[in-house]
Amino acid sequence: MTGLGNRSPAIVVGCNRHPASLSALGTAARLGQPLDAVLSVIHAIDLADYPIDPDSPDWEEHCERTLRAVFEK
């Protein structure tokens, strides 16, 4: 890669729970491997990551499960 010196190429990809987003993440990872690229995954937590009823007694548990599911994929 001309002009990069000793730096590795970088790939930045946004990710959420949408199937197209997860597909983009997989594509970025496959592309980055042969390039020995640094892969940065960006996920901004928004209201779609949280359960509907904040007054539910197990609301925090639902939040943790949902966010864990996003990051474990």
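The values are calculated or read from the model by the stated rules, or taken from the named source; none is laboratory data. Predicted model, so just to flag it, every value in this text is computed and none were measured. Note: ideal-geometry Cβ built from the backbone for every residue, glycine included; neighbour counts use all protein chains shown.
So how many residues does region 21-73 have that are surrounded by 12 or more Cβ atoms within 10 Å (Cβ to Cβ), at pLDDT below 80 and among the β-branched types (V, I, T)?
Here the count works out to 3.
Is region 54-71 home to any residue that is on the phi > 0 side of the Ramachandran plot and without any contact (Cβ under 8 Å) to a residue 60 or more places away in the chain?
Initial filter on region 54-71 (on the phi > 0 side of the Ramachandran plot): none.
Checked region 54-71: no residue is on the phi > 0 side of the Ramachandran plot and without any contact (Cβ under 8 Å) to a residue 60 or more places away in the chain.
Take the residues in region 47-70 that are over 20 Å from N16 (Cβ atoms) and assigned to a helix (DSSP H, G or I), then tell me which one is farthest from the chain's Cα centre (by Cα).
Narrowing region 47-70 to residues over 20 Å from N16 (Cβ atoms): 53-61.
Now restrict to residues that are assigned to a helix (DSSP H, G or I): 59-61.
Numbers: W59: 23, E60: 21, E61: 21 Å.
Here the answer is W59.
Residue by residue through region 7-43, note down the ones that are within 16 Å of R68 (Cα to Cα) and in a loop (DSSP other than H, G, I, E, B). Give the derivation first.
Step one: list which residues in region 7-43 are within 16 Å of R68 (Cα to Cα), which gives 15-18, 22, 41-43.
Across region 7-43, the qualifying residues are C15, N16, R17, H18, H43.
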